[in-house]
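Working notes, structure below.
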Amino acid sequence: QVQVVESGGGLVQAGGSLRLSCAISERILRINKVGWYRLAPGKEQRELVAINTSVGPTNYADSVKGRFTISRDNAKNTVYLQMNSLKPEDTAVYYCNVRGTSATLSTFDVWGQGTQVTVSS
């Protein structure tokens, strides 16, 4: 029932910015963890950053530290990934993962379908 939809990807030139959104399809009682991941061609999926509600934010991956910022808007049931100073090596499919408890007290652990980010030099 709970679904996650990423948006905001696209084509951008190196040095540009994109803002990814991760929208959750229903009201959530509690989000335990929300994170952004990416999968680049020929590489393994990598966690970029996440927020653990009970613990706090994780460290940013070294490759994006200082350039990417995660944020959450509880009222809109949405999390964001602001990506600045994009590099060609940032080209990947970006995924949002959300774990938590729904308004009906069901637990969930869902992934979005991914959004493509392509950075040209």
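Of all residues in region 60-94, those that are closer than 18 Å to Val12 by Cα and in a strand (DSSP E or B) total 9. Among the residues of region 55-71, the one identified as loosely packed, with under 15 Cβ neighbours inside 10 Å and among the hydrophobic types (A, V, I, L, M, F, W, C) is Val55. Looking only at residues of region 24-38 that are assigned to a loop (DSSP other than H, G, I, E, B) and not basic (Lys, Arg), we find that the one that is most open to solvent (accessible area, probe 1.4 Å) is Ser25. For Leu105, the test of being outside any strand (DSSP E or B) and surrounded by 15 or more Cβ atoms within 10 Å (Cβ to Cβ) is failed. Only one of the numbered conditions (1) out of contact with any helix residue (DSSP H, G or I) (no Cβ under 9 Å at 6 or more places or on another chain); (2) under 16 Å from Val119 (Cβ atoms); (3) part of a strand (DSSP E or B) is not met by Pro41, and that is (3).
Listed by first and then second residue, the pairs linking a residue in region 4-21 that is more than 30 Å from Thr101 (Cβ to Cβ) to a residue that is modelled with pLDDT under 95 and exposed (fewer than 14 other Cβ atoms within 10 Å of the Cβ), with Cβ atoms under 7 Å apart and 6 or more places separating them unless they lie on different chains, are Ala14/Ser121. Candidates in region 44-54 are the residues that are in contact with a Phe, Trp or Tyr (Cβ under 9 Å, 6 or more places away or on another chain) and not charged (D, E, K, R); of these, the one that is most open to solvent (accessible area, probe 1.4 Å) is Gln45.
For region 81-93, the condition holds for no residue, the condition being that it is in contact with a strand residue (DSSP E or B) (Cβ under 6 Å, 6 or more places away or on another chain) and modelled with pLDDT under 95.
Could you go through region 15-23 and let me know if any residue there is among the hydroxyl-bearing types (Ser, Thr, Tyr), surrounded by 13 or more Cβ atoms within 10 Å (Cβ to Cβ), at pLDDT 95 or above and within 25 Å of Thr107 (Cβ to Cβ). Yes: region 15-23 contains one or more residues that are among the hydroxyl-bearing types (Ser, Thr, Tyr), surrounded by 13 or more Cβ atoms within 10 Å (Cβ to Cβ), at pLDDT 95 or above and within 25 Å of Thr107 (Cβ to Cβ).
The values are calculated or read from the model by the stated rules, or taken from the named source; none is laboratory data. This is a predicted model, so every value here is computed, not measured. Glycine gets a Cβ as well: all are built from the backbone with ideal geometry, and neighbour counts include every protein chain shown. What goes into the accessible areas is simple: the full protein's heavy atoms, side chains included, and nothing from ligands, DNA or RNA. Shrake-Rupley method; radii C 1.70, N 1.55, O 1.52, S 1.80 Å.
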